[in-house]
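Novice: Once you've had a glance at the structure underneath, I'll fire off some questions.
The values are calculated or read from the model by the stated rules, or taken from the named source; none is laboratory data. Since this is a predicted model, take the numbers as computed values, not measurements. Every residue, glycine among them, receives a Cβ derived from its backbone with ideal geometry; neighbour counts consider all protein chains shown. With ligands, DNA and RNA removed, areas are computed over all heavy atoms of the protein, side chains included. Shrake-Rupley method; radii C 1.70, N 1.55, O 1.52, S 1.80 Å.
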Amino acid sequence: MSATPSPASPSPVEAAPPEPDTLAVDGGLKPAGPTPSQSRFQVDLVTEAAGSDKAAASDCSSSATGDAADKAAEEAKGRFRVVNFADPRSAASSPDAAPADGIQNGDTVMSEGSLHSSTGGQQHYHYDTHTNTYYLRTFGHNTIDAVPNIDFYRQTAYVNRTTNLFLQEPFEDGFANGDELTPAEEAAAKEAAEPKGVVKFGWVKGVLVRCMLNIWGVMLFIRMTWIVGQAGVVYSCIIVAMATVVTTITGCSTSAIATNGFVRGGGAYYLISRSLGPEFGGSIGLIFAFANAVAVAMYVVGFAETVVELLHGADLVMLDSVNDVRIVGTITVLILLGISVAGMEWEAKAQIFLLVILISAIFNYFIGTFIPFESKEKYGFFGYDAGIMMENLGPDFRGETFFSVFSIFFPAATGILAGANISGDLADPQKAIPKGTLLAILITGLVYMGVASKLSCIVRDASGIEQNGTLSADLNNCTGAACSFGYDFSSCKPGGSGQCAYGLHNNFQIMSVVSGFSPLITAGIFSATLSSALASLVSAPKVFQALCKDNIYPGIASFGRGYGKNNEPLRGYLLTFGIGLAFILIAELNTIAPIISNFFLASYALINFSVFHASLANSPGWRPSFKYYNMWVSLAGAVLCCVVMFVINWWAALLTNVIVLSLYIYVSYKKPDVNWGSSTQALTYHQALTHSLQLCGVADHVKTFRPQCLVMTGAPNSRPALLNLVHAFTKNVGLMVCGHVSRRPNFKELNSDMVRYQRWLLNNNSKAFYTPVVAEDLRQGTQYLLQASGLGRLKPNTLVLGFKNDWMNSDMKETETYINLIHDAFDFQYGAVILRLREGLDISHIQGQGAKQSLSHVIMLKLLEASQQFQKKQGKGTVDVWWLFDDGGLTLLIPYLIANKKKWKDCKIRVFIGGKINRIDHDRRAMATLLSKFRIDFSDITVLGDINTKPKSESLAAFAKMIEPYKLREDDMEQEAAEKLKADEPWRITDNELELYKSNRQIRLNELLKEHSSTANLIVMSMPLARKGAVSSALYMSWLDTLSKDLPPILLVRGNHQSVLTFYS
C-alpha cells in the first residue's frame, strides 16, 4: 500500500486562499490544485522494512485476479492525478475532450493577465508531484528534484514542477524519500487514465483516403475530357503539373507545421492560428469553415444534377428540372448528415466504400481504352492511333485561353487539407498528415496525367451518327485523323455546317462511352460527389468547433460543444447542414463557386506563408521533424496561390482579400486573451533585437533626441497623474520606464509584480515598461535603475520624480535621500523633472496599497479627481513655459510635445523669460526669432524685468518660518558641537548658506507665478540647481517647495545641458 500523507500535508486539490485585490487586472481562471507553497514534498519517513512489506504486498497484488485488480486500479487512481491537455481536473478525459467553460484549448496559454492573479500570484495547471512520483524511480527512490518527464511539457502554460527557489531551501520535513508504485499499480493507473472507446484513425483511413476522394472530384469524370479537348494533351499535363506544384508546396508546408508539435483538431485554422496568431487564424478559420459548408452544397448539387439527368432520360420527372435538383439534393444531404452524426467510424466506412467504387471506375475507364468497339467510333473513340494522338497533343482553344482552362481545373486540387481538417481524430497527426497528404497528391496527380494522356485516343469532334459520318467516295475534302477510319467529322469543327454533340469538346460524358462498363462511370461520378460532400460535411464542423473553443468571435461558443466519446460537434453539424441546405435550395452555384475556390487558396497561401514566417523568425521553438521544406519555396508557394486566386476570378480574389482583411482587423481590435507562441511574436522579437543592435551602431544626434524617461512611480497605479503626464509627451515619441524600488527581498513576489503591473500598463493603454528592483533604500535602488535600465540606445535620459509633499512631516533622512536622487541624476548625465500637484500624487493609501491613513471623504475625492486630471481632454487654456535658464532646450521641448497631443491641442504655449526692464522689447524679439527657428508655435512671450525685486514681507516671513526647524544655529553652540551636529545631520541649514545663496529669487518667482500663471493648465519651469555639498538638502527642498507651492500643476525641468533642439535641417 502507498504511504499515507502526513496530516500536515495539504490536500492536492485545496485551492489557495484569496488575496486582497489591489489592481484592476484580469485574474483569469484558477484551476483546482495546490498553491505553490502547498506543492512542496511533505513525505513521511518510510523504513526499509516498510518498503519490503510494500514490495511483498505488491507481488501478491500483481498475482491477484478480478476484484483485486479492480482494487489496485482504484488505489492507483487515488495516487495519480494525470495531467490532460484540456482540463487538469479531469483524470479520464480524452485529450481532445471539450474543455470546461472558460478554459482554452490545452495548447493555449492565456495571456499574462490571466495567468496571474490580481495580487500577482501565479496560477498553474498543477501537477502534484507528491501523488505522481512514478517517474522518479530512475534513482531507485523518490527525489525532490524532478527528473525529465513528458507530462511537464504537455502544457505550454506553466507547469508546477519544483522550482529552483524551493530546491535551494533546506528540506524541513526530513528525508525526501517516499513510497514507490508497484508495476501493477503503474499499469492500472495508466489504464485508468486512458480514454475508452475513442475512435482514432491512421494515416490511410484518416488522411490518404479523404484527400484522394476530395481531389478526385467530379472534375475527373466530367471536365477532364473538355480540358484535354481545349488545351491538348501536352498543355493539359502542364496544367495538372502546375496545380500539383502548388499543392505539393502547400503539402510540404502543411507537413512542416503539423510536425512542429502536437496537432489538435481544427485543420487549416489550427495550423495557421498557432503559427501566425489568432488574427490570421481567426479570419481564415471562419471563411474556411464557411467554404467547406458551401462546398457540401456544391457537391450535392453536382450529384443531384446527374441523378435528375438520369431520371429525365427515363422520362421520370417530379416537378421540373430545378425543383427536382432541390428535392434530390435535400434528401441526399439529409442522408449524409445522418452518416456524419452517426459518428466518425461510420463516416470512415462510407468513405472507404466510396473510394472502392471510385477506383473501380478509374480502372474501368483505363481498361475501356484498350477495348475498341466499332459502335463507339461514331462517338469519336477509335482506340490508340498515332494520328489521333498527334492531333490531340496541341491545343485547340475555342473561346478559352490557357489560364481560363487552368482556372476551371484547379478547384479539383483544393482537397489536400481534407485529412488535416480532422487532425483531432487522427491517432498520430504528426506522422499521418505528411505521409497521407503528400502520397495523395502524388497518386492523384499521376492519375490525372494518366487520364489526360489516355484521352488522346478520342477525337475532339464527332457527330454520333454513323451513316452521316461515313465517307463518300471522294476523300479529298476530308480533314482530321478520323478520315483514315472512314469517318469525316470536318463539318463538326468551328466554321463547319454541322452541330456535333460528341467528342472531347462537346460531350462531358465521353468517358462513359470509352469505359468498359458505362454504369460504373456513373457510379464513380456519384462516388466522387458524395465522398467530397461527406468530407466537407465533416470538415466544416471540426474546423468550426476548434474556432469556437478558442473564443475568437463572440456568440458562437455554443456550436463548439462536443458530444459522445468522440466529442462530436453535433450543433456544428446542424449549422453546416443549414448552410449547405440553403445553397442547395438556391440551386445556382456558378457565381459562388469561384469564391469558395479562392477561400481555399487563401488558406493555402497563409499556410505557405506561415512556414516562411516561422523560418524567418528563427525561433528556437520552430523545429519541425519534417525536413523536406524550404522557406523560400514556401514563400513562392504563397505567391503562386495568390496569383492563382486572381487567375481563377479576379473579383472573387478581391472579395476574399477584403473579407480576410476585415476579419483580421476585427480580431486585432478585439485582442483575444490567448498566447499561442506564434511566429508573429517570434519575428517581432527578432526585429526588435536586430533594430536595437543597429541603433547601437549609430551615434546620437540632436535632431533625433527623444525624452526617454525613468519615472519613479513605484507601483504604476499609485501615482496615475505622474504616469499620465509623462505618457503625454513620451507616447509614440520616446521611452518610458516605470521604476519601482522595493525594500522587501521577496524575489518571488518581485517576478509576479513585474507581470501584473506590466499587464496593468497594457490594459490602461500606457506605453511604458515596468522595472522593479530590490534595494536597501530608495537612493540605492534609483542608482541601480539609472545605471541598468534600458537596452542599448533604448535607455532613459531623464529622471522624473513626484514632488515630496510631506517632506516637512517626515524623517529628514528621507528628504536627504530625495535630494540626492536629483544630484545622482545629474551625475549620470540625466535630465531631471519634478511634478507637483496641490493635492499630491500618491493615491496608494486610498487603494489600500500603503499604510492606512485617516483622510476625510472630501480630501479623498479631491485627491482622486486630481490624479485623473491628465486623463481628460484639456479645455482651452495655456501651457506656461518659464524658460529662465538654458538647460539645452528640454524645458521647451517637453511642453511642445505635450501641446501637440490630442488632449492638449486647445492649449496655447506662453513663454516667460527673464530680462532687464530697459531691454524688454529686444529680449522679446530675440526669443521670438529663436522660437520661430525652432519651429515652435507660441501665443505670447513675456519678459520678466522684475525678477530681482525684493519679495513681499509676508512671503519672506513664510519662508523664514519654513526653514526655522532645520537651521543649524551654529552661533548658539560651541564650534565642535556644531560640527558634530552638522556631520550627524548634514541636511541642517547653516547661516553661511543663507548669506551665500540667496533664497529671495525663489520666493519672488513664486509671487510672479501666482501673478501670471495662476490659471494655466500646466506650468513648465526651469528647475533651480543647488551646488552639491554646499547647499543643504533642507534649504534646497525649501527652495523647491517655495517655488512651486499654491500653483496649478507645475513641472520643474532641468536638462543635462546638452542641446536637444536645433534649427538646422
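Novice: Mind listing whichever residues of the stretch 973-985 are loosely packed, with under 10 Cβ neighbours inside 10 Å and within 26 Å of residue 817 (Cβ to Cβ)?
Specialist: 983, 984 - these are the residues of the stretch 973-985 that are loosely packed, with under 10 Cβ neighbours inside 10 Å and within 26 Å of residue 817 (Cβ to Cβ).
Novice: If residue 307 meets every condition in (1) at pLDDT 80 or above; (2) farther than 30 Å from residue 333 by Cα apart from one, which number is that one?
Specialist: (2)
Novice: Then there is this: Being in a helix (DSSP H, G or I) and either more than 25 Å from residue 361 (Cα to Cα) or not basic (Lys, Arg) (or both): is that true of residue 524 here?
Specialist: So residue 524 passes the test.
Novice: Among the numbered criteria (1) within 30 Å of residue 868 (Cβ to Cβ); (2) open to solvent by less than 50 Å² (accessible area, probe 1.4 Å); (3) of a type in the set (Phe, Trp, Tyr), which one does residue 669 miss?
Specialist: (2)
Novice: Residue 381: in contact with a strand residue (DSSP E or B) (Cβ under 6 Å, 6 or more places away or on another chain) and at negative phi, yes or no?
Specialist: yes
Novice: Kindly evaluate residue 951 against the criterion of being open to solvent by less than 60 Å² (accessible area, probe 1.4 Å), touching a strand residue (DSSP E or B) at 6+ places or on another chain (Cβ under 8 Å) and either in contact (Cβ under 8 Å) with a residue 12 or more places away in the chain or farther than 22 Å from residue 1000 by Cα (or both).
Specialist: No; evaluated as a whole, the condition is false for this residue.
Novice: Here is a further query. Tell me yes or no: at least one residue of the stretch 751-768 is of a type in the set (A, V, I, L, M) and within 22 Å of residue 900 (Cβ to Cβ).
Specialist: yes
Novice: So, one more: Which of the residues that make up the stretch 929-948 are open to solvent by less than 50 Å² (accessible area, probe 1.4 Å) and in a helix (DSSP H, G or I)?
Specialist: 931, 934, listed by residue number.
Novice: In the stretch 401-440, which residue that is open to solvent by 10 Å² or more (accessible area, probe 1.4 Å) and among the β-branched types (Val, Ile, Thr) is farthest from residue 340 (Cα to Cα)?
Specialist: 401
Novice: Hey, another quick one. So residue 786 passes all but one of these: (1) within 17 Å of residue 832 (Cβ to Cβ); (2) among the hydrophobic types (A, V, I, L, M, F, W, C); (3) under 29 Å from the mean Cα position of the chain (by Cα). Which condition number does it fail?
Specialist: (3)
Table: residues versus (1) of a type in the set (Val, Ile, Thr); (2) more than 13 Å from residue 284 (Cβ to Cβ); (3) crowded, with 18+ Cβ neighbours inside 10 Å; (4) without any contact (Cβ under 8 Å) to a residue 40 or more places away in the chain.
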residue: 600; (1), (2), (3), (4): no, no, yes, no
residue: 607; (1), (2), (3), (4): yes, no, yes, no
residue: 613; (1), (2), (3), (4): no, yes, yes, no
residue: 625; (1), (2), (3), (4): no, yes, no, no
residue: 628; (1), (2), (3), (4): no, yes, no, no
residue: 637; (1), (2), (3), (4): no, yes, yes, no
residue: 640; (1), (2), (3), (4): no, yes, yes, no
residue: 655; (1), (2), (3), (4): no, yes, no, no
residue: 659; (1), (2), (3), (4): yes, no, yes, no
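Novice: Go through the residues of the stretch 526-535 one by one and say whether even a single one is more than 30 Å from residue 357 (Cα to Cα) and of a type in the set (Ser, Thr, Tyr).
Specialist: The answer is no, given that none of the residues of the stretch 526-535 is more than 30 Å from residue 357 (Cα to Cα) and of a type in the set (Ser, Thr, Tyr).
Novice: Further, regarding this structure: Among the listed residues 501, 557, identify the single one that is closer than 30 Å to residue 276 by Cβ and open to solvent by 20 Å² or more (accessible area, probe 1.4 Å).
Specialist: 557
Novice: Against the definition (within 37 Å of the chain's Cα centre (by Cα) and not β-branched (Val, Ile, Thr)), how does residue 810 come out, yes or no?
Specialist: Against the criterion (within 37 Å of the chain's Cα centre (by Cα) and not β-branched (Val, Ile, Thr)), residue 810 does not qualify.
Novice: Now for a separate question. Based on what the data block shows, is residue 529 open to solvent by 10 Å² or more (accessible area, probe 1.4 Å), part of a helix (DSSP H, G or I) and within 20 Å of residue 333 (Cα to Cα)?
Specialist: When the stated conditions are applied, residue 529 does not pass them.
Novice: Just one of (1) in a helix (DSSP H, G or I); (2) open to solvent by 30 Å² or more (accessible area, probe 1.4 Å) trips up residue 619, so point out which.
Specialist: Residue 619 satisfies every listed condition except (1).
Novice: Then there is this: Residue check, residue 970 against (1) open to solvent by less than 50 Å² (accessible area, probe 1.4 Å); (2) of a type outside the set (A, V, I, L, M); (3) modelled with pLDDT of 90 or more, all met but one. Which one?
Specialist: Here residue 970 meets the rest and fails (3).
Per-residue answers, yes or no, for (1) charged (D, E, K, R); (2) touching a Leu at 6+ places or on another chain (Cβ under 9 Å); (3) surrounded by fewer than 17 Cβ atoms within 10 Å (Cβ to Cβ):
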position: 279; (1), (2), (3): yes, yes, no
position: 285; (1), (2), (3): no, yes, no
position: 291; (1), (2), (3): no, no, no
position: 304; (1), (2), (3): no, no, no
position: 333; (1), (2), (3): no, yes, no
position: 359; (1), (2), (3): no, no, yes
position: 370; (1), (2), (3): no, no, yes
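Novice: Scan the stretch 991-1013 and give yes if some residue there is assigned to a loop (DSSP other than H, G, I, E, B), closer than 30 Å to residue 828 by Cβ and of a type in the set (A, V, I, L, M), otherwise no.
Specialist: No: the stretch 991-1013 contains no residue that is assigned to a loop (DSSP other than H, G, I, E, B), closer than 30 Å to residue 828 by Cβ and of a type in the set (A, V, I, L, M).
Novice: Output the residues belonging to the stretch 735-765 that are among the small types (Gly, Ala, Ser) and modelled with pLDDT of 90 or more.
Specialist: The one that is among the small types (Gly, Ala, Ser) and modelled with pLDDT of 90 or more: 739.
Novice: How many residues, within the stretch 673-711, are in a loop (DSSP other than H, G, I, E, B) and not small (Gly, Ala, Ser)?
Specialist: 10
Novice: Can you pull out every residue in the stretch 881-892 that is closer than 22 Å to residue 731 by Cβ and buried (at least 23 other Cβ atoms within 10 Å of the Cβ)?
Specialist: Within the stretch 881-892, 881, 890, 891, 892 meet the criteria.
Novice: Please go through the stretch 256-277 and give me each residue that is open to solvent by 10 Å² or more (accessible area, probe 1.4 Å), in contact with a Lys or Arg (Cβ under 7 Å, 6 or more places away or on another chain) and either among the aliphatic types (A, V, I, L, M) or over 14 Å from residue 614 (Cα atoms) (or both), ordered by number.
Specialist: Passing the criteria: 265, 270.
Novice: Further question on the same structure: Out of (1) within 17 Å of residue 885 (Cβ to Cβ); (2) buried (at least 16 other Cβ atoms within 10 Å of the Cβ), what's the single condition that is false for residue 1027?
Specialist: The one condition residue 1027 does not meet is (2).
Novice: Only one of (1) without any contact (Cβ under 8 Å) to a residue 60 or more places away in the chain; (2) under 24 Å from residue 219 (Cα atoms); (3) open to solvent by 70 Å² or more (accessible area, probe 1.4 Å) is not met by residue 321, so which one is it?
Specialist: The single condition residue 321 does not satisfy is (3).
Novice: May I ask you to say which residue of 360, 321 is within 24 Å of residue 244 (Cα to Cα) and among the polar types (S, T, N, Q)?
Specialist: Exactly one of 360, 321 is within 24 Å of residue 244 (Cα to Cα) and among the polar types (S, T, N, Q), namely 360.
Novice: Oh, and also: Given (1) surrounded by 13 or more Cβ atoms within 10 Å (Cβ to Cβ); (2) assigned to a helix (DSSP H, G or I); (3) over 26 Å from the mean Cα position of the chain (by Cα), identify the lone condition not met by residue 714.
Specialist: (2)
Novice: Which one is nearest to residue 885 (Cα to Cα), of the residues in the stretch 906-928 that are open to solvent by 70 Å² or more (accessible area, probe 1.4 Å) and assigned to a helix (DSSP H, G or I)?
Specialist: Per the stated criteria, the residue is 924.
Novice: Continuing with this model, one more query. Determine whether residue 878 is hydroxyl-bearing (Ser, Thr, Tyr) and either under 26 Å from residue 734 (Cβ atoms) or open to solvent by less than 20 Å² (accessible area, probe 1.4 Å) (or both).
Specialist: So residue 878 fits the description; yes.
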